[in-house]
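Accompanying notes for the structure given below.
Derivation of every value follows stated rules applied to the coordinates shown; laboratory data play no part. Worth saying up front: this structure is predicted, and the values here are computed from it rather than measured. As a convention, Cβ positions derive from the backbone with ideal geometry for all residues, glycine included, and neighbour counts pool all protein chains shown.
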Amino acid sequence: MIKKLLLTFIMLASLHAEMGAQNQHNQKESLYLYPLVSERVSEVQQRDSLFGLLVSKVVNPTLTPFIPSDEKKNKSAVIICPGGGYHTLLMEREGFRVAAEFTEMGMAAFVLKYRLPSPDTGVSDPFAPLQDAQRAIQMVRENAAAWGINPNKVGIMGFSAGGHLAASLGVHYDSLLIKNATPALLRPDFLILINPVISLDDLIGHIGSRQNLLGQKQDEEIIHYFSNHNYVNRNTPKTILFHTDDDSVVSVKNSFSFYDCLHHNSVPAELHIYSRGDHGFILFPEFEEWFPRLTRWMKREEIME
């Protein structure tokens with residue numbers, strides 16, 4: 001009996017040590033981007049068997065840091081924008097799990113829970129998500145020393161509609177939406193776009209994302225502004241894109257159009273198209289294919305060692 005109890009104690013101690021090591025490796029503490037506002041409705045959280053934690057009706061945006069436990073300074077960093085059509089955020093599959101992969105490589109990662117415009121929440125400004133992305137990169141750079149981050153190696157990454165948000169920051173960092181900011185402070189050093197929504201036009205755009213982001217404000221001027229390929233120039237950050245040719249949700253033409261504009265403007269860019277995998281690479285084992293290619297690109301571009 002004593003031997004059995006001792007064995008149980010050892011197993012529990014080992015499990016506790018492992019959990020402690022994980023917590024030390026991936027420091028998680030959600031930081032609010034702004035002072036809290038009263039909510040008309042409560043944020044909705046639910047779990048899905050495939051995608052994990054899903055969040056909707058976001059009013060108070062947050063940034064969750066994942067900082068490697070080593071003492072290394074001048075780490076690269078990436079802000080991750082989960083997708084969900086500007087209606088829901090896939091916080092786990094396209095956020096926390098991805099951040100954990102980056103920390104395994106010694107890179108800092110930050111998961112952005114951005115506001116989702118909706119009549120239900122009172123968030124009506126279609127610029128609210130872009131404002132949140134600007135505030136997120138401002139926070140990372142302002143706290144770079146405390147987190148051991150190189151402020152000149154801070155990029156942004158996004159999936160689907162989160163890819164639209166990341167691309168929006170990449171081309172509209174000079175549309176200042178927050179206080180005490182400059183274009184140099186808000187410009188990402190690189191973009192990582194996974195099956196991204198790039199355009200909101202009628203030709204290749206994702207109409208669901210357009211409806212959720214713009215609501216009733218769907219005039220030609222704002223549709224043009226948020227069709228990000230229209231604003232690519234020589235100062236757009238270096239970019240890597242991943243998409244599947246059989247994407248049934250977001251046309252692969254979105255990635256084609258952004259890459260073509262990058263190439264035309266002599267911006268370093270890389271594009272990977274897979275014949276199959278559907279939207280979000282749901283037919284692929286998680287991280288098996290695209291993440292090693294991403295890692296190689298980041299090393300080639302001297303974003304990470």
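Assorted remarks:
- Residue order for H264, H164, fewest other beta carbons within 10 angstrom first, comes to H264, H164.
- Under a model in which nothing but the beta-carbon of Lys, Arg (+1) and Asp, Glu (-1) is charged, the chain shows a dipole of about 820 debye around its Cα centre.
- Length added when fully stretched, M105-D245, from 0.36 nm per residue minus Cα-Cα: 47.5 nm
- Once the Cβ-Cβ distance of N150 and L203 is raised to the sixth power relative to R0 = 45 Å, the FRET efficiency obtained is 0.70.
- A cut-off under 14 angstrom between Cβ atoms defines the neighbours of G205, and their net charge, with Lys, Arg +1 and Asp, Glu -1, is -2.
- Selection from A167, W147, T121, by position along the positive dipole direction of the chain (Cβ): W147
- Label-point separation, F291 to H264 (7 Å along Cα→Cβ), nm: 3.6 nm
- Along the axis of the charge dipole computed for the chain (Cβ charges of +1 for Lys and Arg, -1 for Asp and Glu, origin at the Cα centre), the listed residues Q216, H264, I137 are led at the positive end by I137.
- Full-stretch length increase - K72, V37 - with 0.36 nm per residue and alpha-carbon distance subtracted: 8.9 nm
- In the elastic network of the chain, a GNM with C-alpha springs shorter than 10 Å, the most mobile of S227, S42, S76 is S42.
- Listed residue (L90, A184, L54) projecting farthest to the positive dipole end of region 54-200, Cβ model: A184
- Over 20 Å (Cα to Cα) - which of K57/K113; K253/K299; K57/K153 fall in this group: K253/K299; K57/K153
- Likely footprinting exposure, Y32, Y86, Y259, fewest C-beta neighbours within 10 Å first: Y32, Y259, Y86
- Convex hull per residue volume in Å³, alpha carbons only, for region 35-168: 106 Å³
- Fraction of the pair-distance distribution of region 25-300 above 36 Å, Cα-Cα pairs, percent: 6 percent
- Going from the fewest other Cβ atoms within 10 Å to the most, the residues F258, F51 appear in the order F51, F258.
- 3J(HN,Hα) from dihedral phi, region 236-241, Karplus parametrisation 6.51/-1.76/1.60, rounded to Hz, x for glycine, proline: 5, x, 3, 9, 10, 10
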